[in-house]
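The values are calculated or read from the model by the stated rules, or taken from the named source; none is laboratory data. This structure is a prediction, so every number in the text was calculated from the model and none was measured. Virtual Cβ from ideal backbone geometry, glycine too; neighbours counted across all protein chains shown.
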């Protein structure tokens with residue numbers, strides 16, 4: 001008998017947080033394994049921070065690599081501020097009531113399970 005397949009998912013999310021336009025920008029580079037954040041880079045701290053035991057080896061390894069840390073810090077300018085200039089021009093004066101649709105999506109791989117995905121589109 002073949003064993004049941006198991007899904008594993010990794011994600012990387014890049015967040016830019018703006019205060020007073022681009023006067024103060026915080027960049028977060030967040031790493032997830034099976035929907036749990038395990039390590040992230042914080043530009044205000046200037047280093048990677050482990051959120052779980054799984055993230056400690058990665059944070060320790062990356063924090064020792066000064067070139068890698070400098071590249072992460074540079075994303076405030078080359079990613080956040082750059083995209084702010086593009087997006088702000090399109091969205092700053094937009095005053096449209098958002099349309100929100102929330103959907104419950106069953107997992108097709110496991111029809112007998114009670115686990116579903118909740119999807120929100122705005």
#### Entry: Any chance residue 37 is under 30 Å from residue 87 (Cβ atoms), part of a loop (DSSP other than H, G, I, E, B) and modelled with pLDDT of 95 or more
no
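Scanning for something modelled with pLDDT of 85 or more and out of contact with any helix residue (DSSP H, G or I) (no Cβ under 7 Å at 6 or more places or on another chain), does segment 91-100 turn up at least one residue? Full working, then the answer.
The first filter runs over segment 91-100 and keeps only residues modelled with pLDDT of 85 or more, leaving 99-100.
From the residues that got through so far, the ones that are out of contact with any helix residue (DSSP H, G or I) (no Cβ under 7 Å at 6 or more places or on another chain) too are 99-100.
The answer is yes; a qualifying residue exists.
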### Task
Would you tally the residues in segment 45-96 being loosely packed, with under 12 Cβ neighbours inside 10 Å and touching a strand residue (DSSP E or B) at 6+ places or on another chain (Cβ under 8 Å)?
1
### Task
Pairs only if they're at least six apart or on different chains, beta carbon under 9 angstrom, first in segment 101-118 and on the phi < 0 side of the Ramachandran plot and modelled with pLDDT of 65 or more, second part of a loop (DSSP other than H, G, I, E, B) and surrounded by 10 or more Cβ atoms within 10 Å (Cβ to Cβ); list them, first residue then second.
115/107; 116/107; 117/107
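For residues that are assigned to a strand (DSSP E or B) and under 25 Å from residue 40 (Cβ atoms), tally how many sit in segment 62-105. Even if it seems obvious, please write down each step before you answer.
Initial filter on segment 62-105 (assigned to a strand (DSSP E or B)): 101-105.
Applying the additional criterion that residues be under 25 Å from residue 40 (Cβ atoms) yields none.
Number satisfying all stated conditions: 0.
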### Query
Can you spot a residue in segment 5-28 that is surrounded by 14 or more Cβ atoms within 10 Å (Cβ to Cβ), in a loop (DSSP other than H, G, I, E, B) and modelled with pLDDT under 90?
yes
### Task
Kindly list, by first and then second residue, each pair from a residue in segment 51-67 that is on the phi < 0 side of the Ramachandran plot to a residue that is modelled with pLDDT of 95 or more and assigned to a helix (DSSP H, G or I), limited to pairs with Cβ atoms under 7 Å and residues at least 6 apart or on different chains.
62/68; 63/69
